Amino acid sequence: MDQQNAETGSQYQTNSYNPNNPGYYNPGSGIPAIVGDNYYSPWDIKHRNDVIPTYTISNHTAGEGYSIFELHLTPYIGVAYYDGVNDGQYHDAYQASLNPPGLVADFTNGNYPNLYQNGNEIGELIAAEPIILDGSSINHSEVSISSYADHCPVNPHTPGSSPGWNPENRFFDISNNATPQEQAVLARYGKVFFYEYTIILKSNGSVVGNGFIQVQNKTIQDPSVYTYWEDTFVTNAFVPGKGNVGKLRYYHETDPSIAPSPFTFWVQNGGPGTWCDSREVDYEFEWSHEEYFFGYPSHKINLYMGMGANLWMTSGHVISIGL
């Protein structure tokens with residue numbers, strides 16, 4: 001997870017989402033990295049082109065590289081960022097700050113029937129083909145899905161073009177469920193919001209676990225830290241297994257007393273500080289981040305945010321199945 005692109009010597013803004021203790025990392029400065037409190041994430045509209053989100057999946061239960069289970073995961077992918085206006089004209093908010101209007105796509109023109117089927121720019125998800133790890137070898141027991149080419153790896157890539165461990169060149173294949181225009185938008189601005197899982201006991205082929213999991217961002221419901229998680233007023237976002245019942249917020253710092261403008265870093269108390277206007281979209285709690293199966297507490301599937309050596313710049317989803 002620490003094999004990522006970075007602009008050497010540049011000051012990256014944090015994505016730890018705690019204005020009182022954001023954490024920071026300045027590559028090449030010699031200053032030790034400080035981990036911020038609470039939630040951190042690689043999804044930041046400013047750094048969309050220089051931070052590579054990583055999706056790591058691990059299925060180990062019978063020694064390194066082997067498992068008694070077969071794991072099937074169906075990722076649900078949607079637009080990761082919100083421009084602040086739900087009018088069907090999807091903008092890159094950071095690019096708009098540099099060269100207005102920063103229009104990415106007109107969702108109303110008929111080319112985005114899945115992403116705009118309920119008249120919202122955000123909150124519609126497209127299912128990818130299942131990722132299957134059968135636990136038969138190391139190549140089929142773990143994978144780190146990421147891409148130098150795509151912000152969200154929805155397109156096939158050539159062997160060796162993924163920065164993580166991905167010997168089978170897996171990706172989130174939405175080609176059967178999305179239009180070419182939707183694929184293009186999600187490759188640049190998408191992320192996985194939920195996973196549907198099925199766990200099969202290989203000895204007899206029985207299904208021993210199935211359901212949905214999501215990363216639970218506790219700051220989105222914590223009044224002491226969610227000051228900047230603004231309401232999108234989208235309350236009919238799609239939730240796998242539940243329908244269009246989800247409520248969305250997005251991270252949007254707008255306090256002029258903290259920084260003069262969005263997307264810039266700032267200095268607090270004489271030390272490194274940051275301004276975070278990531279525009280990342282997230283759901284309020286819909287599904288748990290972990291589920292037990294095959295006899296509590298013997299086995300569980302767990303989804304959490306992992307972090308590599310470069311803090312939030314090398315963070316991403318980690319799904320583990322095992323003891």
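A few points about this structure:
- Tabulated pairs, segment 162-186, first free of Cβ contacts under 8 Å to residues at least 40 places away in the same chain, second of a type in the set (D, E) and open to solvent by 40 Å² or more (accessible area, probe 1.4 Å), C-beta under 8 angstrom, 6+ apart or interchain: W165/E142
- Against the conditions (1) surrounded by fewer than 22 Cβ atoms within 10 Å (Cβ to Cβ); (2) of a type in the set (G, A, S); (3) farther than 22 Å from Y195 by Cα, A127 satisfies every one except (3).
- Flag if E196 is touching a residue at least 40 places away in the same chain (Cβ under 8 Å) and assigned to a loop (DSSP other than H, G, I, E, B): no
- Count of residues meeting criterion [at pLDDT below 90 and either open to solvent by less than 40 Å² (accessible area, probe 1.4 Å) or in a strand (DSSP E or B) (or both)] in segment 300-315: 11
- Flag for E70 being over 20 Å from G316 (Cα atoms), more than 20 Å from the chain's Cα centre (by Cα) and modelled with pLDDT of 75 or more: yes
- Residue within segment 12-24 that is out of contact with any Phe, Trp or Tyr (no Cβ under 6 Å at 6 or more places or on another chain), modelled with pLDDT of 90 or more and surrounded by fewer than 18 Cβ atoms within 10 Å (Cβ to Cβ) present: no
- The lone criterion from (1) modelled with pLDDT of 95 or more; (2) buried (at least 21 other Cβ atoms within 10 Å of the Cβ) left unmet by P53 is number (1).
- Condition check for G135 on (1) touching a Lys or Arg at 6+ places or on another chain (Cβ under 8 Å); (2) modelled with pLDDT under 95; (3) open to solvent by 60 Å² or more (accessible area, probe 1.4 Å): one failure, at (3).
- Residue within segment 162-172 that is assigned to a helix (DSSP H, G or I) and at negative phi present: no
- Taking the conditions (1) outside any loop (DSSP other than H, G, I, E, B); (2) touching a Ser or Thr at 6+ places or on another chain (Cβ under 7 Å); (3) more than 27 Å from D50 (Cα to Cα) in turn, T108 satisfies each one other than (2).
- Of the residues screened, L103 is one that is surrounded by fewer than 16 Cβ atoms within 10 Å (Cβ to Cβ) and at pLDDT 95 or above.
- You will find that of E168, E196, the residue that is under 17 Å from the mean Cα position of the chain (by Cα), closer than 19 Å to E70 by Cα and open to solvent by 30 Å² or more (accessible area, probe 1.4 Å) is E196 and no other.
The values are calculated or read from the model by the stated rules, or taken from the named source; none is laboratory data. Remember, it's a predicted structure, so these values are computed and weren't measured experimentally. Counting neighbours? That spans all protein chains shown, and the Cβs are built from the backbone with ideal geometry, glycine included. Calculation scope for accessible area: heavy atoms of the full protein, side chains included, ligands and nucleic acids excluded. Shrake-Rupley method; radii C 1.70, N 1.55, O 1.52, S 1.80 Å.
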